[in-house]
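A.B. asks: Below: one structure in C-alpha coordinates.
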Amino acid sequence: MRKGDRAREHIVIKSAELFNQLGYAGASLNDIIEATGIKKGGIYRYFNSKDEIALEAYEHAVGVVGSKFAEAQNEANTASGRLLAFFHVYADVVHNPPFIGGCPLQNTAVESDDSHPLLRERAQLSLSNTLATMKAIILEGIEQGEFKRDLDADAMATFALSLLEGGIMLSKLEGSNRHMEMNTASFSAYLQQHKL
(Lines give C-alpha, C1' and ligand atoms only; values in the text may rest on other atoms or scores of the structure.)
Protein backbone atom coordinates (compact mmCIF):
# COMPACT_ATOMS: atom_id res chain seq x y z
CA MET A 1 0.00 0.00 0.00
CA ARG A 2 1.35 3.41 -0.99
CA LYS A 3 1.96 6.11 1.62
CA GLY A 4 -0.96 8.20 0.32
CA ASP A 5 -3.30 5.22 0.46
CA ARG A 6 -2.18 4.47 4.02
CA ALA A 7 -2.79 8.09 5.07
CA ARG A 8 -6.25 8.08 3.51
CA GLU A 9 -7.10 4.77 5.20
CA HIS A 10 -5.83 6.14 8.54
CA ILE A 11 -8.15 9.15 8.20
CA VAL A 12 -11.11 6.90 7.40
CA ILE A 13 -10.46 4.52 10.33
CA LYS A 14 -9.97 7.26 12.92
CA SER A 15 -12.93 9.26 11.60
CA ALA A 16 -15.16 6.18 11.71
CA GLU A 17 -14.34 5.76 15.39
CA LEU A 18 -15.00 9.45 16.08
CA PHE A 19 -18.30 9.58 14.16
CA ASN A 20 -19.54 6.39 15.80
CA GLN A 21 -18.78 7.76 19.27
CA LEU A 22 -19.55 11.48 18.88
CA GLY A 23 -21.89 11.49 15.89
CA TYR A 24 -21.38 13.25 12.60
CA ALA A 25 -22.48 16.62 13.98
CA GLY A 26 -20.53 16.13 17.21
CA ALA A 27 -17.18 15.32 15.60
CA SER A 28 -15.47 18.38 14.17
CA LEU A 29 -12.69 18.63 11.63
CA ASN A 30 -10.41 19.59 14.53
CA ASP A 31 -11.33 16.30 16.22
CA ILE A 32 -10.33 14.45 13.05
CA ILE A 33 -7.07 16.40 12.89
CA GLU A 34 -6.32 15.57 16.52
CA ALA A 35 -7.23 11.88 16.16
CA THR A 36 -5.23 11.37 12.97
CA GLY A 37 -2.29 13.68 13.61
CA ILE A 38 -2.75 14.96 10.06
CA LYS A 39 -3.08 18.69 9.48
CA LYS A 40 -6.08 20.30 7.79
CA GLY A 41 -4.27 20.62 4.45
CA GLY A 42 -3.33 16.95 4.61
CA ILE A 43 -6.94 15.96 5.30
CA TYR A 44 -8.13 18.00 2.31
CA ARG A 45 -5.46 16.44 0.12
CA TYR A 46 -7.43 13.19 0.38
CA PHE A 47 -10.99 14.37 0.93
CA ASN A 48 -13.04 17.27 -0.42
CA SER A 49 -15.28 17.62 2.62
CA LYS A 50 -16.28 16.26 5.99
CA ASP A 51 -19.28 14.69 4.22
CA GLU A 52 -16.98 12.65 2.00
CA ILE A 53 -15.02 11.48 5.04
CA ALA A 54 -18.26 10.60 6.83
CA LEU A 55 -19.56 8.42 3.99
CA GLU A 56 -16.32 6.46 3.71
CA ALA A 57 -16.02 6.24 7.49
CA TYR A 58 -19.52 4.79 7.72
CA GLU A 59 -18.70 2.17 5.06
CA HIS A 60 -15.58 1.25 7.01
CA ALA A 61 -17.50 0.88 10.28
CA VAL A 62 -20.27 -1.29 8.82
CA GLY A 63 -17.62 -3.30 6.98
CA VAL A 64 -15.86 -4.11 10.25
CA VAL A 65 -19.10 -5.15 11.93
CA GLY A 66 -20.21 -7.07 8.83
CA SER A 67 -16.95 -9.04 8.87
CA LYS A 68 -17.53 -9.96 12.50
CA PHE A 69 -21.09 -11.05 11.69
CA ALA A 70 -19.81 -13.22 8.82
CA GLU A 71 -17.09 -14.75 10.98
CA ALA A 72 -19.58 -15.60 13.75
CA GLN A 73 -22.05 -17.07 11.23
CA ASN A 74 -19.33 -19.26 9.70
CA GLU A 75 -18.89 -20.91 13.10
CA ALA A 76 -22.57 -21.92 13.23
CA ASN A 77 -23.95 -24.98 11.45
CA THR A 78 -27.69 -24.27 11.66
CA ALA A 79 -29.92 -21.41 10.55
CA SER A 80 -30.78 -20.75 14.20
CA GLY A 81 -27.11 -20.58 15.04
CA ARG A 82 -26.41 -18.16 12.20
CA LEU A 83 -29.26 -15.88 13.33
CA LEU A 84 -28.08 -15.99 16.94
CA ALA A 85 -24.57 -15.15 15.73
CA PHE A 86 -25.73 -11.57 15.16
CA PHE A 87 -26.58 -11.38 18.86
CA HIS A 88 -23.35 -13.04 19.96
CA VAL A 89 -21.29 -10.40 18.16
CA TYR A 90 -22.93 -7.78 20.39
CA ALA A 91 -23.07 -9.94 23.56
CA ASP A 92 -20.69 -7.59 25.40
CA VAL A 93 -21.75 -4.36 23.72
CA VAL A 94 -21.06 -2.35 26.89
CA HIS A 95 -17.40 -3.35 27.36
CA ASN A 96 -16.37 -4.90 24.06
CA PRO A 97 -18.50 -3.80 21.10
CA PRO A 98 -17.52 -5.04 17.64
CA PHE A 99 -16.83 -1.41 16.72
CA ILE A 100 -15.97 1.49 19.03
CA GLY A 101 -19.13 3.36 19.97
CA GLY A 102 -21.59 0.53 19.36
CA CYS A 103 -23.69 -0.18 16.28
CA PRO A 104 -22.84 2.08 13.31
CA LEU A 105 -26.22 1.37 11.68
CA GLN A 106 -28.13 2.39 14.79
CA ASN A 107 -25.99 5.43 15.55
CA THR A 108 -26.14 6.70 11.98
CA ALA A 109 -29.84 5.98 11.54
CA VAL A 110 -30.75 7.96 14.64
CA GLU A 111 -28.50 10.92 13.91
CA SER A 112 -29.09 11.20 10.17
CA ASP A 113 -32.86 10.74 10.29
CA ASP A 114 -33.63 14.36 9.42
CA SER A 115 -30.23 15.97 9.10
CA HIS A 116 -28.01 14.12 6.62
CA PRO A 117 -29.75 12.54 3.60
CA LEU A 118 -26.66 10.82 2.18
CA LEU A 119 -25.78 9.14 5.46
CA ARG A 120 -29.43 8.22 5.88
CA GLU A 121 -29.35 6.52 2.46
CA ARG A 122 -26.28 4.53 3.50
CA ALA A 123 -27.98 3.50 6.74
CA GLN A 124 -31.11 2.47 4.80
CA LEU A 125 -28.95 0.34 2.50
CA SER A 126 -27.30 -1.31 5.52
CA LEU A 127 -30.74 -1.98 6.98
CA SER A 128 -31.94 -3.57 3.73
CA ASN A 129 -28.79 -5.68 3.42
CA THR A 130 -28.97 -6.91 7.01
CA LEU A 131 -32.64 -7.81 6.72
CA ALA A 132 -31.97 -9.56 3.40
CA THR A 133 -29.15 -11.59 4.97
CA MET A 134 -31.36 -12.59 7.89
CA LYS A 135 -34.25 -13.46 5.57
CA ALA A 136 -31.96 -15.63 3.41
CA ILE A 137 -30.82 -17.52 6.51
CA ILE A 138 -34.44 -18.06 7.57
CA LEU A 139 -35.50 -19.24 4.11
CA GLU A 140 -32.56 -21.63 4.07
CA GLY A 141 -33.71 -22.93 7.47
CA ILE A 142 -37.21 -23.50 6.08
CA GLU A 143 -35.85 -25.29 2.99
CA GLN A 144 -33.60 -27.51 5.09
CA GLY A 145 -36.48 -28.48 7.38
CA GLU A 146 -35.20 -26.64 10.44
CA PHE A 147 -38.10 -24.15 10.59
CA LYS A 148 -41.82 -24.61 9.96
CA ARG A 149 -42.85 -24.06 6.36
CA ASP A 150 -45.48 -21.43 7.21
CA LEU A 151 -42.92 -19.19 8.94
CA ASP A 152 -43.01 -15.58 7.67
CA ALA A 153 -39.34 -14.92 6.88
CA ASP A 154 -39.83 -11.14 6.49
CA ALA A 155 -41.53 -10.84 9.86
CA MET A 156 -38.93 -13.00 11.58
CA ALA A 157 -36.04 -11.00 10.10
CA THR A 158 -37.64 -7.73 11.24
CA PHE A 159 -38.27 -9.19 14.70
CA ALA A 160 -34.67 -10.43 14.97
CA LEU A 161 -33.15 -7.11 13.94
CA SER A 162 -35.51 -5.17 16.20
CA LEU A 163 -34.52 -7.32 19.19
CA LEU A 164 -30.84 -6.94 18.32
CA GLU A 165 -30.91 -3.16 17.90
CA GLY A 166 -33.19 -2.68 20.91
CA GLY A 167 -30.89 -4.77 23.07
CA ILE A 168 -27.87 -2.78 21.91
CA MET A 169 -29.54 0.55 22.65
CA LEU A 170 -30.90 -0.42 26.06
CA SER A 171 -27.66 -2.07 27.16
CA LYS A 172 -25.53 0.88 26.10
CA LEU A 173 -27.88 3.37 27.74
CA GLU A 174 -28.02 1.46 31.02
CA GLY A 175 -24.36 0.41 30.98
CA SER A 176 -25.30 -3.24 31.46
CA ASN A 177 -25.36 -6.12 28.99
CA ARG A 178 -28.47 -7.57 30.66
CA HIS A 179 -30.79 -6.34 27.92
CA MET A 180 -28.69 -8.04 25.24
CA GLU A 181 -28.68 -11.19 27.36
CA MET A 182 -32.47 -11.13 27.81
CA ASN A 183 -33.13 -10.39 24.13
CA THR A 184 -30.76 -13.15 23.04
CA ALA A 185 -32.51 -15.62 25.36
CA SER A 186 -35.94 -14.44 24.15
CA PHE A 187 -34.95 -14.81 20.51
CA SER A 188 -33.45 -18.23 21.15
CA ALA A 189 -36.76 -19.34 22.74
CA TYR A 190 -38.67 -17.82 19.81
CA LEU A 191 -36.55 -19.82 17.36
CA GLN A 192 -37.27 -23.02 19.29
CA GLN A 193 -41.01 -22.39 18.98
CA HIS A 194 -40.70 -22.16 15.19
CA LYS A 195 -38.62 -25.28 14.66
CA LEU A 196 -40.06 -28.45 13.22
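A.B. asks: Can you tell me which residues in the stretch 1-23 are under 22 Å from HIS116 (Cα atoms) and of a type outside the set (A, V, I, L, M, F, W, C)?
C.D. replies: LYS14, SER15, GLU17, ASN20, GLN21, GLY23
A.B. asks: Whether any residue in the stretch 154-172 is assigned to a loop (DSSP other than H, G, I, E, B), open to solvent by 40 Å² or more (accessible area, probe 1.4 Å) and over 25 Å from ALA25 (Cα atoms) is what I want to check.
C.D. replies: Scanning the stretch 154-172 turns up no residue that is assigned to a loop (DSSP other than H, G, I, E, B), open to solvent by 40 Å² or more (accessible area, probe 1.4 Å) and over 25 Å from ALA25 (Cα atoms).
A.B. asks: Further question: Just the residues that are at pLDDT 90 or above, small (Gly, Ala, Ser) and within 11 Å of GLY23 (Cα to Cα), please, taken from the stretch 103-124.
C.D. replies: Result: ALA109, single match.
A.B. asks: Can I ask one more? Identify the residue in the stretch 24-65 that is crowded, with 17+ Cβ neighbours inside 10 Å and of a type in the set (Gly, Ala, Ser) and, among all such residues, is nearest to HIS116 (Cα to Cα).
C.D. replies: Looking at residues that are crowded, with 17+ Cβ neighbours inside 10 Å and of a type in the set (Gly, Ala, Ser), I get ALA54.
A.B. asks: If you don't mind, there's one more thing I want to ask. Which count do you get for residues in the stretch 134-153 that are outside any helix (DSSP H, G or I), touching a residue at least 60 places away in the same chain (Cβ under 8 Å) and open to solvent by 50 Å² or more (accessible area, probe 1.4 Å)?
C.D. replies: Qualifying residue count, the stretch 134-153: 1.
A.B. asks: Quick one: is ALA70 open to solvent by 40 Å² or more (accessible area, probe 1.4 Å), under 22 Å from THR133 (Cβ atoms) and of a type outside the set (Lys, Arg)?
C.D. replies: yes
A.B. asks: With ILE38, ILE53 as the choices, which residue is among the β-branched types (Val, Ile, Thr), in contact with a helix residue (DSSP H, G or I) (Cβ under 9 Å, 6 or more places away or on another chain) and part of a helix (DSSP H, G or I)?
C.D. replies: Answer to the selection: ILE53.
The values are calculated or read from the model by the stated rules, or taken from the named source; none is laboratory data. Quantities reported herein were computed from a predicted structural model and do not represent experimental measurements. Positions of Cβ are backbone-derived with ideal geometry, glycine not excepted, and every protein chain shown enters the neighbour counts. Remember, those area values only see protein heavy atoms, side chains included, never the ligands or the DNA or RNA. Shrake-Rupley method; radii C 1.70, N 1.55, O 1.52, S 1.80 Å.
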